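What follows is calculated from the coordinates using simple rules that are stated; it is not laboratory data. Everything numeric in this text was worked out from a predicted model, so none of it was measured. Here the Cβ positions follow ideal geometry from the backbone for every residue, glycine too, while neighbour counts run over all protein chains shown.
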């Protein structure tokens, strides 16, 4: 794989010098594939003590075209632990001439609001420049006072794809003897370190990073960009003290935050025993109490003070019947403990395709809480914010990543479930009829399991009839069709299953031309083509394993015989397995298709092999059978 090269040069400027933002000073190499260029950036974290720091950040971005307009927006979320003390925005034309300055008081300042937040003490400062005379440059300068060092700002100079960097600097200043930890990403060098007076100085700098162009099936973008994550050793926030020298130490801090939060009201304790005392199986007790929690609570976000990290009491959740991910996970742990089941609170970086924590770098970069009942390979994992999810199923939001399990003795790195291709099954059986005019009527019976049932689960619980009908009539790859009826049946479990029934009509699906009838027998499950790329730069990432099996029977009009039929195909390589076979018994087409893929990473040089594999599948998936009328 080609590496992204960053030139590392160190200096310790005392003051930020005035910058010249004339676009002619941008090297040609930084314009290639770029919609915006970071002209200049200086980020500074000034640590005063374990509970106090200042963050100063100044940066300028040249917008080259309309697709880069997102970088004209300034958004800063702040709260009692992260106070925005000042911000200034400036607009420059292509020559670098200042044409507008906007100060803090002129920017919008609104309460943080969304549909799932009940209380939040955060506010949002925001502003956007509207300018269509490309290219132009926007500059933002901000300063924040941090009350507590628990989560420090991150240095990621490369914002996204199609974004190049001319120069970016990152500084950290800390009292001599105060220990910090840092994680260096990709092309980032070790810092230049110096001491002066009572202060230790750290500096990183990158220059001339070319824009990355997104590639199909590329691995995580963040695996290719420079960056630095900073964490303190000893810290204090909200009156709580902690240490981040190890994951175990960070877990001890979470133990302190959660201490005493697991006390249930007496009436809830009684209900727990009424529900579980007669049950002999631990799995059954977990399922019953999880169902009880789902029926009696709902998710809502509350972040006041330490509420971003500290759960509300179990008694609060029991009384009010709501909570955020932390509160609901803590509540579920409390219910299970009352039933004498050893349950654990877990912190996770959630999101489809997200990586987990770094085992070698203790850091509080979590965005979600779940819980589990440890039992080796049979550990039961519970997503407590869902009122509909199956007990024991994680799904793409939290599966297959390292997470932090909180035990009495501190934190422990563990891994969430990995679902195999056979777990993630989509098994479809189709019975269809094509009439003399080429019109198709099909009954489709599909069994979706594991991660492949998440969409259907959402159609059952998150969509009304109108939304479901609109979606179903837009997603299927038939030229013209209508879903006449649909039905769903869910079977809950650690590997949940949704049975889906669809009745579909598609006018003129088959082409009738004189004596010939042209039919594409693979009705629904077809892959798309991949374009060859001789300059492929990034590794290939297959994120999830899955297995698709399609069995299709199509009855055709009488008095036709096969004129030409595609050959059966069978391909197996490092990217998976694909089989497709065709038969005609005189009245009906019988097609069987299998496609199995296992999650994996592959070097960029293997892309041509993948292209050949996918394009062979594409040809077979879209192949037609030609029939001709029998002679009378």
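List of remarks:
- Convex hull volume per residue, computed on the Cα atoms of the stretch 197-319, equals 235 Å³.
- Separation between Cα centres of the stretch 138-163 and the stretch 529-605, rounded to whole Å: 46
- Legend: ranking of residues 289, 264 from fewest to most surrounding C-beta atoms inside 10 Å; resulting order 264, 289.
- Beta bridges by DSSP in the stretch 274-400, antiparallel share as percent, to the nearest 5: 75
- Per residue, the convex hull spanned by the Cα atoms of the stretch 528-632 amounts to 98 cubic angstrom.
- Kirkwood Rh and Cα Rg combined as Rg/Rh, the stretch 425-629: 1.00
- When each of the peptides 43-50, 570-577 is scored by how many other beta carbons lie within 10 Å of its residues on average, the order from highest to lowest is 43-50, 570-577.
- Virtual spin-label span in nm between residue 577 and residue 537, 7 Å along Cα→Cβ: 3.7
- Hydrodynamic radius of the chain per Kirkwood, over alpha carbon pairs, in Å: 28.5
- Per-bin percent of Cα-Cα distances, the stretch 117-229 [10 Å]: 9, 31, 33, 22, 5, 0
- Using the Cβ-Cβ distance between residue 259 and residue 106 with R0 = 51 Å, the FRET efficiency computed as 1/(1 + (r/R0)^6) comes to roughly 0.70.
- Relative contact order (%) - criterion: Cα under 8 Å, at least six apart; region: the stretch 534-632: 40
- Note on the stretch 246-415: Cα-Cα pairs beyond 21 Å make up 43% of the total pair count.
- Within the chain, percent of DSSP bridges classed antiparallel, to nearest 5: 85
- Pairwise Cα inverse-distance average, inverted: Kirkwood Rh of the stretch 202-252 (Å): 14.9
- Length-normalised contact order for the stretch 23-240 - Cα pairs under 8 Å, 6+ apart - percent: 28
- Normalised contact order of the chain, rounded percent, pairs of Cα under 8 Å and 6 or more residues apart: 11
- Unit Cα scatterers, Debye sum, the stretch 472-546: log10 I(q)/I(0) for q = 0.13, 0.15, 0.28 Å⁻¹: -0.73, -0.86, -1.34
- Shape box of the stretch 23-240 [Cα atoms, principal axes, largest first, Å]: 49, 41, 40
- Alpha-carbon centroids, the stretch 221-257 and the stretch 484-519: separation in whole Å: 51
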